[in-house]
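Asker: So that we are looking at the same thing, I have put the structure below in structure tokens.
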Amino acid sequence: MAKGKGRRAEGGARGERGERGERAGRRRIGDAVVRAEVGGGTAELMPDPDRPRARTLLLDGAPQSHVDLDDPAYLDFAYQRRLGHLIDLAAPPGRPVRALHLGGGAFTLARYTAATRPRSTQQVVEHDAALVDFVRRELPLDPAARIRVRCADARAALSRFPDGWADLVITDVFGGARTPAHLTSTEFVAEVHRVLAAGGHYAANLADGPPLTHLRAQVATAATRFAELALIADPAVLRGRRFGNAVLVACDHPLPLAELTRRCAADPGHGRVEHGRALTDFTAGAPPVTDATAADSPAPPPGAFGAG
């Protein structure tokens, strides 16, 4: 397991809050909060009181990503740790992969992949060019990392990738704390499936709350193209008790369920992995989403991912 991984829960419009989220407003004397106006609102980089070269990215006050430039293998947010487990298990340890990240944030997962799988080839697609400039200026990427960043719409960029290009496709796209409708449909999932190589994995960060209509429909939508599915979330989210994040994992071959379940259960957030019959029961007959019926994911209730 990578250094530091699994020690903290996460917070934000992209991730559930935990220890870090509760301290998002704290900073050491002498540390400055850096701000910039970007396409998605006001971006801020908050110093981490425990890690000298770590910062939390917030958009309009909601935590989005956490990066430690001294230790890019450290994942602070719960949903990103769950995605990190998938990255760890997607190929033999240390083997380079081709990874496509739809949604950039602070490039946390691309940095993680570069640190844990050197020589990997990675593409990050982020629509907000001003945010990309801000992050690259304040949290520069390692020049040795093979990470290319494109400023484009995620689905439009996806359509330009060749068949079978990626070993991993990770979707983490939010606009105004909601996933855009055109990234939730069977047509979008078909494009993801086309771009994945044989043996590849797809993962998506989703957010929903009671009655979990969006989450159930996203599982049903992924099932139209992928043979194997799993859903990882806090048990309270899966039971529809609160709004939060869930990571959907999909592929066409057996998932490493035993190890994935063990790792997620050992995290501070105690993520639960649903699959097989339990996941079918969870979906409860929800119909797949198409381009004709797609809608943005639900907006989080006030305070769901606040930074106070």
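The values are calculated or read from the model by the stated rules, or taken from the named source; none is laboratory data. Keep in mind that what you see is a predicted model, and the values were worked out from it rather than measured. Backbone-built Cβ (ideal geometry, glycine too); neighbour counts: all protein chains shown. Just so you know, the surface numbers come from the protein's heavy atoms only, side chains and all, with ligands and any DNA or RNA stripped out. Shrake-Rupley method; radii C 1.70, N 1.55, O 1.52, S 1.80 Å.
Asker: State the number of residues belonging to the stretch 255-308 that are among the polar types (S, T, N, Q), more than 17 Å from the chain's Cα centre (by Cα) and surrounded by 17 or more Cβ atoms within 10 Å (Cβ to Cβ).
Answerer: Summing the residues that are among the polar types (S, T, N, Q), more than 17 Å from the chain's Cα centre (by Cα) and surrounded by 17 or more Cβ atoms within 10 Å (Cβ to Cβ) in the stretch 255-308 gives 2.
Asker: Any residue in the stretch 88-105 that is without any contact (Cβ under 8 Å) to a residue 24 or more places away in the chain sitting within a Cβ distance under 7 Å of a residue that is part of a loop (DSSP other than H, G, I, E, B)? List the pairs, counting only those 6 or more apart or interchain.
Answerer: Arg95/Arg117
Asker: Let me ask something else. Hey, which of the helices (runs of 4 or more DSSP H) in the stretch 233-308, taking only ones fully inside, have at least 1 residues that are of a type in the set (D, E, K, R)?
Answerer: The qualifying helices (runs of 4 or more DSSP H) are 257-266, 276-283.
Asker: Determine, yes or no, whether Ala130 is in contact (Cβ under 8 Å) with a residue 24 or more places away in the chain, small (Gly, Ala, Ser), part of a helix (DSSP H, G or I) and open to solvent by 20 Å² or more (accessible area, probe 1.4 Å).
Answerer: yes
Asker: Just give me the residues in the stretch 58-90 being more than 18 Å from Arg178 (Cβ to Cβ), open to solvent by less than 20 Å² (accessible area, probe 1.4 Å) and aliphatic (A, V, I, L, M), in sequence order.
Answerer: Answer for the stretch 58-90, where residues must be more than 18 Å from Arg178 (Cβ to Cβ), open to solvent by less than 20 Å² (accessible area, probe 1.4 Å) and aliphatic (A, V, I, L, M): Val67, Ala73, Leu75, Ala78, Leu83, Leu86, Ile87.
Asker: Test Ala197 against the criterion of being part of a strand (DSSP E or B), hydrophobic (A, V, I, L, M, F, W, C), open to solvent by 10 Å² or more (accessible area, probe 1.4 Å) and touching a strand residue (DSSP E or B) at 6+ places or on another chain (Cβ under 8 Å), and give yes or no.
Answerer: So Ala197 fits the description; yes.
Asker: Anything in the stretch 175-186 that is modelled with pLDDT of 95 or more, closer than 28 Å to Leu131 by Cα and buried (at least 18 other Cβ atoms within 10 Å of the Cβ)? List them, or say none.
Answerer: Thr179, Pro180, Leu183, Thr184, Ser185 - these are the residues of the stretch 175-186 that are modelled with pLDDT of 95 or more, closer than 28 Å to Leu131 by Cα and buried (at least 18 other Cβ atoms within 10 Å of the Cβ).
Asker: Kindly check whether there is at least one residue in the stretch 86-102 that is within 24 Å of Asp153 (Cα to Cα) and part of a helix (DSSP H, G or I).
Answerer: yes
Asker: Taking the stated definitions as given, is Asp208 open to solvent by less than 50 Å² (accessible area, probe 1.4 Å) and among the charged types (D, E, K, R)? Please lay out each step first, then the result.
Answerer: Values: open to solvent by less than 50 Å² (accessible area, probe 1.4 Å): yes; among the charged types (D, E, K, R): yes.
Yes; evaluated as a whole, the condition is true for this residue.
Results for (1) at pLDDT below 95; (2) in contact with a Ser or Thr (Cβ under 8 Å, 6 or more places away or on another chain), shown as yes or no for each residue.
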position: Arg26; (1), (2): yes, no
position: Ala43; (1), (2): no, no
position: Leu59; (1), (2): yes, yes
position: Ile87; (1), (2): no, yes
position: Leu102; (1), (2): no, yes
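Asker: Name the single residue that is farthest from Phe174 (Cα to Cα) among those in the stretch 244-254 being open to solvent by less than 50 Å² (accessible area, probe 1.4 Å) and over 16 Å from the mean Cα position of the chain (by Cα).
Answerer: Looking at the filtered set, the residue picked out is His253.
Asker: Right, here's the next one. Looking at the stretch 266-279, I want the residues that are of a type outside the set (Asp, Glu) and have a partner that is open to solvent by 50 Å² or more (accessible area, probe 1.4 Å) and in a helix (DSSP H, G or I) with Cβ atoms under 6 Å, at least 6 apart or on another chain. Which pairs are those?
Answerer: These pairs meet every condition: Val273/Thr261.
Asker: While we're on this one: Could you look through the stretch 133-149, keep only residues that are of a type in the set (A, V, I, L, M) and in a loop (DSSP other than H, G, I, E, B), and pick out the one that is modelled with the lowest pLDDT?
Answerer: Looking at the filtered set, the residue picked out is Ala144.
Asker: What residue, of Ala217, Ala157, Ala152, is touching a His at 6+ places or on another chain (Cβ under 7 Å) and over 18 Å from Leu83 (Cα atoms)?
Answerer: On the way: Ala217 fails: touching a His at 6+ places or on another chain (Cβ under 7 Å); Ala157 fails: touching a His at 6+ places or on another chain (Cβ under 7 Å).
Exactly one of Ala217, Ala157, Ala152 is touching a His at 6+ places or on another chain (Cβ under 7 Å) and over 18 Å from Leu83 (Cα atoms), namely Ala152.
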